[in-house]
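Shown next, in structure tokens, is the structure this report addresses.
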Amino acid sequence: MESSQRRKSGLNLPAGMNETSLRLETSSPSSPCSSSFRSISISSPRMISSLSSPSSSKSTICSDRFIPCRSSSRLHTFGLMEKESPAKEGGNEAYCRILKSELFGSDFGSCFSPAGQGSPMSPNKNMLRFKTEHSGPNSPYSPSILGHDSGFSSEASTPPKPPRKVPKTPHKVLDAPSLQDDFYLNLVDWSSQNVLAVGLGTCVYLWTASNSKVTKLCDLGPNDSVCAVQWTREGSYISIGTNLGQVQVWDGTQCKKVRTMGGHQTRTGVLAWNSRILSSGSRDRHILQHDLRVSSDYVSKLVGHKSEVCGLKWSHDDRELASGGNDNQLLVWNQHSQQPILKLTEHTAAVKAIAWSPHQSNLLASGGGTADRCIRFWNTTNGHQLNNIDTGSQVCNLSWSKNVNEIVSTHGYSQNQIMVWKYPSMAKVATLTGHSFRVLYLAMSPDGQTIVTGAGDETLRFWNVFPSVKTPTPVKDTGLWSLGRTYIR
């Protein structure tokens, strides 16, 4: 009889329990725990009779346990429902829905399974299995930084190297009286034999770095002046460009003139050696190629600029010559051409600063004057511009480090600063200040660690900016020479 009543009611109840003995109650609103707890009461005549007092006018409500509020819990992280559970006979689904509603709230089921699927409360092997919440991609704790499949753990990752420290002050300062403040001249060069040449007025002085000895190489006389100096790669001979347009070659060790060559109509402001050819650029807009092995003043003339030639550099393999002019052009020539193989016209001011990369062939850097202020990088194989960066001030010189893949630039209006850049990211390594005029002159020591800068404030300043080749450790503040100021003449 009882079995038939259970089938009619649609509920699968335990033996000895009828439908009227099952009721669901919630605590009254006045209870302080009404919003946090719900109770389930299951009573039977035998339970009431055994637990109630004969004098009690109300029936005692017995609850199995209190369930804490789930509203602030992350229940979605628990795999409460992974597989469908087949419905049992006797309407077990309806009983579970009522029980689930009382335990978790009426809208709990909607976030787990669509209607019509198996009961989410059905017991299975995935019950209370905790699922890991994956952090967002922007989270600093996200495992996607290395990835689960990368094979590396966070403990194995090495911390980033701290930026290399560059001393902010020069370790030596030389007074250089009469050092001209002229953007188009090139008056400082450092030889491979560690001798610094400086053009001061009508004279050229040699300063030996190992012992600080100063030697007067030559005096051009009252009617001429020095406009450019350039050592050969071997460091034994030095070429001098003059205001009258001559190119003189001197033996630096014996202080004797080897040869004088003409050909330019006016001042020769820039010189560049390769292994056997000396190139000279002039205000007359021409580039002359000189060969000391022949008797003629020059062996070829390169015509392409429309204004004064102020920048000139041979590539390290001697295959290409880059020239910059006051016509805002950057031209690239090869060994045999009389016409430029590349005409690069993106600069909007005079191009004096030119540097070839010693680390990558066909990579050329150039810098523009006050109206341009940009450093541009070129692939001379196809003429494509690889990158450009606005430095904020006139670019006077560029020099690539041979020890590390970094480049140093000197600047004029308006900040007169020296900047060290990491290539190819062009992140700033250091910004050095000290000159009160435009930093028009730049040369690098033969070991590649020290640079010397010159300006119209008539000073030469020596800076330790690059590490050595063998041990790229931070450069120390102590240099090869004692601190202090001396005179170069």
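Summing +1 for each Lys or Arg and -1 for each Asp or Glu, what net charge is found among the other residues whose Cβ lies under 12 Å from the Cβ of residue 334?
Charge balance near residue 334 sits at -2.
Between residue 193 and residue 236, 0.36 nm times their residue separation minus their Cα-Cα distance comes to what?
14.7 nm
Would you kindly calculate the translational diffusion coefficient of region 326-404, applying Stokes-Einstein with the Kirkwood radius from alpha carbon pairs, for 20 °C and a viscosity of 1.002 mPa s, and quote it in µm² s⁻¹ without decimals?
Using the Kirkwood radius from Cα pairs, D works out to 167 µm²/s.
Any chance you could look up the accessible area of residue 348 with a 1.4 Å probe, heavy atoms only, rounded to 10 Å²?
My reading of the accessible area for residue 348 is about 80 Å².
How far is it, in nm, from the label point at residue 385 to the one at residue 211 when both lie 7 Å from their Cα along the line to the Cβ?
5.1
Return the subset of 306/422; 216/313; 213/402; 313/422; 213/313 for which the Cα-Cα distance in this structure is over 25 Å, preserving the input order.
In this structure, 306/422; 216/313; 213/402; 213/313 lie more than 25 Å apart at Cα.
What do you reckon, how do 352, 256, 422 stack up by accessible area (1.4 Å probe), largest on top? Intermediate results must be reported in sequence, preceding the final value.
On the way: 352 10, 256 120, 422 90 Å².
The ordering from most to least exposed comes out as 256, 422, 352.
What distance in nm separates the simple spin-label points at residue 348 and residue 181, each placed 7 Å from Cα in the Cβ direction?
The modelled label-to-label distance comes out at 2.6 nm.
How much FRET efficiency would the formula 1/(1 + (r/R0)^6) give for residue 431 and residue 98, where r is the Cβ-Cβ distance and R0 is 56 Å, rounded to 0.05?
It comes out at approximately 0.15.
The values are calculated or read from the model by the stated rules, or taken from the named source; none is laboratory data. For clarity, every value in this text was computed on a predicted model and none was experimentally measured. We place every Cβ from the backbone using ideal geometry, glycine too, and count neighbours over all the protein chains shown. Ligands, DNA and RNA are excluded from the accessible area calculation, which covers all protein heavy atoms including side chains. Shrake-Rupley method; radii C 1.70, N 1.55, O 1.52, S 1.80 Å.
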